Amino acid sequence: MGACWHRRTSMRIDTHRLIGNDGAPVTFLKAAHSGGQIIPRFVVIHYTAGGSAEATARYFASDAARASAHFIISRDGAVIQQVPTDSAAWHAGKSSWQGLSGLNAHSIGIELANWGKLSRSPGGYASHTGTPVPASRVVLAAHRNAPDREEAWERFDAPQLAAAAEVATALLTAYGLTEDAIIGHDDIAPGRKIDPGPAFDMRAFRGAVAGRGEDGELAQDIRVVTAPAGLNLRTGPGIDFAPVALMPDGMRVRVVAPGAPWAFVAAREHGYDGPSGYAHTAWLRVI
Ligand SMILES: [Zn+2]
């Protein structure tokens, strides 16, 4: 095979650190609190109820913090690690799942930067801190633990979900787990916690992690081709791979396997999937 400098490597765990797609460990900012050694059996998804991932990471690194997590993922998909994966983080609190209690001792915590539940404000929606959240970023849905009450939640965007799926995949691979090991904080502490909540489609996320495109589609993982001359789908992740099809400007595609700068996508026409292949993400706009 020829030059493969376009080839993108998967994220992986090496010596309890996450190695990113570029082959280097992701940013590590040590949390103020962590516990004893663990053998991870579950991956718990949270939202931060906060602004930027960096701000939450700085808080977790500070003496004032009363919590921590292994990973924080920003809205645009950047990953910060704060606790090695063989040590407990303080993310689950009082919790139980499948006969185990105190899930800090058995799980990895992934925090997604997201305001979570929003309140209605005169101008639209606002976070619990009063930060305005535009209606375009709002999902209206009932939490399954309170099914009669529709509420407003900040949406999760594709870059963040794609990064989270990659981190989760690396963790499942490293610890020999299946996608069923991915659970929500609201699963393990249902009376006490509502994150990640209904804006996070757990079924679709597990499907994406398992590599199932069909029933596991992430609703937000539809992109539109933004390339006046069209965009080639290719047999591999690089311009030296043969074109499969030319997708016209404006065509919608479904991201089957996220990646940057090459993602594996399926062209999507009138509800069914057309040809699939690798496309350069610079020409795919999130919608
Ligand atoms: Zn949580």
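Remarks
- Considering the range 92-106, and only residues there that are over 15 Å from residue 46 (Cβ atoms) and out of contact with any Ser or Thr (no Cβ under 8 Å at 6 or more places or on another chain), the residue that is surrounded by the fewest Cβ atoms within 10 Å (Cβ to Cβ) turns out to be 99.
- Residue match in the range 27-44 (condition: in a loop (DSSP other than H, G, I, E, B), under 15 Å from the mean Cα position of the chain (by Cα) and not aromatic (Phe, Trp, Tyr)): no
- Residues satisfying the stated conditions in the range 190-223, i.e. farther than 21 Å from residue 173 by Cβ, buried (at least 17 other Cβ atoms within 10 Å of the Cβ), of a type outside the set (Asp, Glu) and modelled with pLDDT of 90 or more: 193, 194, 196, 197, 198, 199, 200
- Set 158, 170: member being under 19 Å from residue 42 (Cβ atoms) and more than 14 Å from the ligand (Cβ to nearest atom): 170
- Residue 43, sole failed condition from (1) within 24 Å of residue 129 (Cβ to Cβ); (2) within 15 Å of the ligand (Cβ to nearest atom); (3) touching a residue at least 24 places away in the same chain (Cβ under 8 Å): (1)
- Selection of first residues in the range 189-209 that are over 16 Å from residue 110 (Cβ atoms) and of second residues that are in a loop (DSSP other than H, G, I, E, B) and within 11 Å of the ligand (Cβ to nearest atom), restricted to Cβ pairs under 6 Å at least 6 apart or on distinct chains, gives an empty result.
- Among residues of the range 78-98 being within 15 Å of the ligand (Cβ to nearest atom) and in contact with a Phe, Trp or Tyr (Cβ under 7 Å, 6 or more places away or on another chain), the one that is nearest to residue 200 (Cα to Cα) is 97.
- Number of positions in the range 99-123 that are touching a residue at least 12 places away in the same chain (Cβ under 8 Å) and either away from the ligand (no atom under 15 Å from the Cβ) or closer than 26 Å to residue 151 by Cα (or both): 15
Table: residues versus (1) assigned by TED's automatic domain parsing to the domain that holds residue 190; (2) touching a Pro at 6+ places or on another chain (Cβ under 8 Å); (3) more than 19 Å from residue 185 (Cα to Cα); (4) among the charged types (D, E, K, R).
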{"residue": "19", "(1), (2), (3), (4)": "yes, yes, yes, no"}
{"residue": "30", "(1), (2), (3), (4)": "yes, no, yes, yes"}
{"residue": "45", "(1), (2), (3), (4)": "yes, yes, no, no"}
{"residue": "60", "(1), (2), (3), (4)": "yes, no, no, no"}
{"residue": "82", "(1), (2), (3), (4)": "yes, no, no, no"}
{"residue": "89", "(1), (2), (3), (4)": "yes, no, no, no"}
{"residue": "96", "(1), (2), (3), (4)": "yes, no, no, no"}
{"residue": "104", "(1), (2), (3), (4)": "yes, no, no, no"}
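- Any hit, the range 58-71, residues being within 18 Å of the chain's Cα centre (by Cα), outside any loop (DSSP other than H, G, I, E, B) and either under 17 Å from residue 28 (Cα atoms) or away from the ligand (no atom under 15 Å from the Cβ) (or both): yes
- Entry remark, the range 109-129: residues being at pLDDT 95 or above and of a type in the set (Gly, Ala, Ser) number 6 in total.
- Here is the figure for the range 57-73: residues that are among the hydroxyl-bearing types (Ser, Thr, Tyr) and more than 17 Å from residue 108 (Cα to Cα) total 2.
The values are calculated or read from the model by the stated rules, or taken from the named source; none is laboratory data. Since this is a predicted model, take the numbers as computed values, not measurements. Backbone-built Cβ (ideal geometry, glycine too); neighbour counts: all protein chains shown.
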